[in-house]
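Have a look at the structure below before the remarks.
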There are 2 protein chains.
Amino acid sequence: VHIEDRGYQFADGVYEVCEVLKGQLVDAPRHFDRLARSLSELQMKWPMRRPILEQLAREVVRRNRIFEGYVYLQVTRGVARRDHVFPAKDTPSSVVITARYSNRNAAQKTAQQGICVITVPDERWTRVDIKTIGLLPNVLARQKAKEQGAKEAWLLDQAGCITEGAATNAWIITQAGVVVTRFAEQGILRGVTRTTLLEALADLGLKFEERAFTLAEALQAREAFITGATTLVMPVVRINQQSVGDGKSGEYTLKLREKFHNYAHKQ
Amino acid sequence: VHIEDRGYQFADGVYEVCEVLKGQLVDAPRHFDRLARSLSELQMKWPMRRPILEQLAREVVRRNRIFEGYVYLQVTRGVARRDHVFPAKDTPSSVVITARYSNRNAAQKTAQQGICVITVPDERWTRVDIKTIGLLPNVLARQKAKEQGAKEAWLLDQAGCITEGAATNAWIITQAGVVVTRFAEQGILRGVTRTTLLEALADLGLKFEERAFTLAEALQAREAFITGATTLVMPVVRINQQSVGDGKSGEYTLKLREKFHNYAHKQ
């Protein structure tokens, strides 16, 4: 990477992380759709035609012999003499694609135990609906979580509602059995796993609501969980050191985790 | 730069831009003090002892034979397998130092004519007091300015007050002759040029106030200007297509520009 890559000097770039299962990309169409939206919102071009980029991602998975894991894809506005304004239109964007193995059994064990989350104020910029590489606020939130023995930080808006996690979407299941996650119109990134899970919920006939929920409501919930391309559906058993429900991985949550891949697109 | 440099994947880094005049660094102690603060706020280490880094910056200036221009210095949290949480403590940080010539005569001509600014909503994260490389909101604001024929975008907070420019601090001189710039406690980056200029104002016996000012107040001002290490003191003659004062570079502003280097530290 060049030292004057705009990704390195300005965080002027976007990315996607896509799960790999049995050597195939999971929910690739949705990930590339979202990449298209990110690029478009920032007036960035595709570094190459979309089908070629998709093919390249699969090739990186294949050559690295990744059977289970994920692929990381990053596009920046390219290399140019440092200047805030966009470079000349013919500046080629920079692409990085990497693939990595991840241990599904270890993740499954974690899911059985459930994870702890903490809450921190949401200090990010207003355009968190774009999946940019400007992740420092997320880094700081995750680091704080780690220092407090937690795996994820949930971000609180000024109204005391949870927006999302530092790198995942946040969900609760109320005592009445309603699955709740924040609407995606603003304030959060529209997670691909989130979207697929919402479809699964509808198909399974489970009640769900897309709306904001408060920390207090989360602490009173029957179950809680997070979703993301690398975590899938991951039970939350403690929030700020307080147990959620009976303090064990939620029954519904584990079922949703189990069934998730029935609803995801693989190719 | 490695593709897994945390500066490239997370904007997990900080930077400084320091003016070079007659081959010497301008206000270097303040720039390195601020770098120290940025590093400390993000729990990052110095990549090497501070005097060595300062020496290195001077060496880059010397070897590139930069007589007039600026030096750019960036420090990131180093290279590590992608994970939001901080890497192991012994991970070396990455350093980039570049020096570049800039044309003082061209800048002086621009100053005589004055520049146009536009206003856009301030959409940045809450910790803009840290000089991080997460500059995408600034990039987008500057780009919007360029598209509207302006050189800088002033950022408006929710109260309708101007926080600062995309890459400079914002100032007005009221009809009563009081120089006004926003307090630096929060919401803006404490500019080195800003700090030096405040000292100059005190020394010159000019009245000044550190307080928020609204767009309406700016439009009624006698003069307006921006400050930054590369722009120095630069008159603003139009805001959102409306003239400031008589629409020409302000008399006081040009005097402050002229006298600025008397107050800056050179070495």
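The values are calculated or read from the model by the stated rules, or taken from the named source; none is laboratory data. Please read these numbers as outputs of a predicted model, since none were measured by experiment. A quick note on method: Cβ atoms are made from the backbone with ideal geometry, for glycine too, and the neighbour counts reach across all protein chains shown. Side chains included, ligands, DNA and RNA excluded: accessible areas come from the protein's heavy atoms. Shrake-Rupley method; radii C 1.70, N 1.55, O 1.52, S 1.80 Å.
Annotations for the structure displayed:
- B:Gln113 versus B:Gln148: modelled label distance in nm, points set 7 Å from Cα along the beta carbon direction: 2.0 nm
- Of all accessible heavy-atom area on the range A:65-143, the percent that carbon and sulfur account for (1.4 Å): 49 percent
- Protein heavy-atom accessible area occluded, A/B pair - total, 1.4 Å probe, Å²: 4400 Å²
- Plainly put, the tip 7 Å out from Cα toward Cβ on A:Pro51 is 6.4 nm from that tip on each other copy, the closest given first.
- Once the gyration tensor of the Cα atoms in the range A:224-267 is diagonalised, the equivalent ellipsoid follows with semi-axes of 24, 11, 5 Å, ordered largest first.
- Anisotropy class of the range A:1-137 from Cα gyration tensor, a/c 1.5 cut: oblate
- The largest accessible area among B:Asp5, A:Asp90 belongs to the first residue in A:Asp90, B:Asp5, and the rest follow in falling order (1.4 Å probe, all chains).
- Candidates B:Thr126, B:Thr76, B:Thr174: whichever shows maximal mean-square fluctuation once chain B is modelled as a Gaussian network with Cα springs under 10 Å: B:Thr126
- Inter-copy label distances at B:Glu147, shortest first and taken from points set 7 Å along Cα to Cβ: 3.9 nm.
- The overall shape of chain B, judged from the alpha-carbon gyration tensor, is prolate: a/c is not under 1.5, and a/b is greater than b/c.
- Reciprocal mean inverse distance between Cα atoms of the range B:78-146 - Kirkwood radius, Å: 16.5 Å
- With helices as the sole contributors, the protein assembly as shown gives -9500 deg cm²/dmol at 222 nm; each DSSP H run of n ≥ 4 counts as -39500 (n - 2.57), and the sum is divided by every residue.
- With Cα atoms defining each centre, the range A:181-224 and the range B:106-143 are spaced 37 Å apart in the structure.
- Seen from A:Lys109, the other residues with C-beta closer than 15 Å to its C-beta sum to a net charge of +2, counting Lys and Arg as +1 and Asp and Glu as -1.
- Cross-link partners of A:Lys259 among aspartates and glutamates (Cα-Cα below 19 Å; sequence separation of 8 or more within a chain): A:Glu19, A:Asp27, A:Glu68, A:Glu199, A:Asp203, A:Glu223, A:Glu251
- Label distances, nm, B:Glu258 versus same residue in remaining copies, Cβ-directed 7 Å point: 8.2
- Computed on protein heavy atoms with a 1.4 Å probe, the accessible areas place A:Thr253, B:Thr230, A:Thr195 in the order B:Thr230, A:Thr195, A:Thr253, largest first.
- Counted over the protein assembly as shown, the DSSP beta bridges are approximately 80% antiparallel.
- Antiparallel bridges, percent of DSSP beta bridges restricted to chain B (to nearest 5): 80 percent
- Prolate/oblate/rounded call for the protein assembly as shown, Cα gyration tensor, a/c under 1.5 rounded: prolate
- Label sites at B:Ala202 and A:Ser243, each approximated as a point 7 angstrom past Cα along Cα to Cβ, lie 5.9 nm apart.
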